[in-house]
1. Looking only at the chain, where both bridge partners belong to it, what percent of the DSSP beta bridges are antiparallel (to the nearest 5)?
2. Place a point 7 Å from Cα of residue 172 in the direction of its Cβ. Which residues in segment 145-160 have their backbone N less than 19 Å from it?
3. Grab the beta carbon distance between residue 39 and residue 109, set R0 = 35 Å, and tell me the FRET efficiency rounded to 0.05.
4. Compute the acute angle (0 to 90°) between the alpha-carbon long axis of helix 11-20 and the principal axis of greatest extent of the alpha-carbon atoms of the chain; round to the nearest 10°.
5. Over segment 1-130, what relative contact order in percent results from Cα pairs under 8 Å that are six or more residues apart?
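Every number here is computed from the coordinates shown, using simple stated rules; none is lab data. Small disclaimer: the values here were computed from a predicted structure and weren't measured. Glycine gets a Cβ as well: all are built from the backbone with ideal geometry, and neighbour counts include every protein chain shown.
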């Protein structure tokens, strides 16, 4: 199985994607190859995913998988969106981002706190014969009024699954993978990879 670099420095994404894609890829962290992160200048998740994957391929010559994902809150007109990781500032951590989010939603009643996670996974090969594979995933839910749980990463402590009402940070990795935006995108990417292998065989 050919090693594939994950074009992300986020350890939470690495763990989730290793579990979701273990049969298709042997994921390598950027830090193992001393790759430099690239500035995310795209206006959409898909644009940023392509930017990151192509930059990783250019640096190491290996296939690269990238994940660009974030939170969209309806009451905030879709914010933080592509700025999810740096919502409270370029060097902000998850706690700071969550504090800003809850502050922006102060006074917004639960029925009006609808939100969703979006994920775009992109696989870029080091040759020009293969077009990038792109897979999208969405997880509908809402924003809690206060953080709950310590699992997951990012905005998980304040994201409530629409169907169960359970907080993402209280779910096991397996439970989350079955219903999350990243899980949905991973299943679609697996299907695209398998279809390509079958066609080649």
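1. Antiparallel: roughly 80 percent of the beta bridges in the chain.
2. 149-153
3. 0.40
4. In the chain, helix 11-20 runs at an angle near 60 degrees to the longest axis.
5. 26
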